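Below: one structure, written as structure tokens.
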Amino acid sequence: MDENEKELVAHHEAGHALLAKLLPGADPVQKVTIIPRGRALGVTEQTPEEDRHNFKHSYLLDRITIMMGGRAAEQLVFGDLTNGAANDVKQATMLVRKMVAQWGMSEKIGPVSYSIGEEHPFLGRELASPKDFSDVTARLIDEEVQQIITNMEAKAIELLKTHREQLNTLAEALLEHETISKDGLERLLAEGGDTS
């Protein structure tokens, strides 16, 4: 990566990591890196402290906010967007669609489960299934999914604006060290100190 791209990735990953630290109940960040892995130019690793089988609505909304954190940081710092958030947007959309259409977590749609494409357990891809709802309902689901993601992105931007200094500090540390551990992140955000 050239220096401009490295700076963009550092802010992107700093956005994810900072929001994961700021939002209560978010899974702890284990590591943040801007060393490319596969198709990802950087990674923020979060691991739950315990196995979860049920997810609270508030937890899921925080997760979506964190997913949108990289894109929000790009908008805030560079005033532009890149395709670097493509996977984040895809994952957020899939999660919100399940919340709205299958898990009854939307006031607008209500406690109803609509059949949407299911992922095949062996092929790992979504299989088409016959739609069991009207075009009007499909439009409502689409609008609600878009609204939730847009609201969570706005929340991400506001939080990052409020904590802009920490965002910049974290991005600078990533540019210098390339990888920051959980302990390094704690120290850096607590006192603006050393990340080693």
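The values are calculated or read from the model by the stated rules, or taken from the named source; none is laboratory data. Every value quoted in this text rests on a predicted model; they were computed, and no experiment measured them. Glycine gets a Cβ as well: all are built from the backbone with ideal geometry, and neighbour counts include every protein chain shown. SASA here: full protein model, heavy atoms, side chains in, ligands and nucleic acids out. Shrake-Rupley method; radii C 1.70, N 1.55, O 1.52, S 1.80 Å.
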Open item on the list: Please report Rg (one decimal) and Dmax (integer) in Å for the Cα set of segment 1-98.
Closed with: 13.5, 42
Open item on the list: Can you give me the % of accessible surface on the chain that is carbon or sulfur? Probe 1.4 Å, all protein chains present, nothing else counted.
Closed with: 48 percent
Task: Largest-first ordering by accessible area, 1.4 Å probe, given options 136, 112, 32 - done: 136, 112, 32
Task: Computed Rg/Rh of segment 17-69, alpha carbon atoms with Kirkwood Rh - done: 0.99
Open item on the list: If each DSSP helix of 4+ residues adds -39,500 (n - 2.57) and the sum is divided by the residues in the chain, what number results at 222 nm, nearest 500 deg cm²/dmol?
Closed with: -18500 deg cm²/dmol
- [ ] Wrap a convex hull around the Cα atoms of the chain, take a quarter of its surface area, and give that in square nanometres.
- [x] 12.2 nm²
- [ ] Heads up, I need the accessible area for residue 152: 1.4 angstrom probe, whole protein in place, Å², nearest 10.
- [x] 30 Å²
TODO: Return the distance in nm (one decimal) between the two label points of a simple spin-label model at residue 186 and residue 103, each offset 7 Å from Cα along Cα→Cβ.
DONE: 2.8 nm
TODO: Heads up, I need the accessible area for residue 134: 1.4 angstrom probe, whole protein in place, Å², nearest 10.
DONE: 60 Å²
TODO: Give the accessible surface of the chain per residue, rounded to a whole number of Å², with probe radius 1.4 Å and ligands, DNA and RNA excluded.
DONE: 57 Å²
Open item on the list: Could you tell me which residue out of 112, 152, 93 lies farthest along the dipole of segment 29-181 toward its positive end? Charges go on the beta carbon: Lys and Arg +1, Asp and Glu -1, centred on the Cα centre.
Closed with: 112
- [ ] With a 1.4 Å probe and every protein chain left in place, tell me how much accessible area residue 78 has, in Å² to the nearest 10.
- [x] 80 Å²
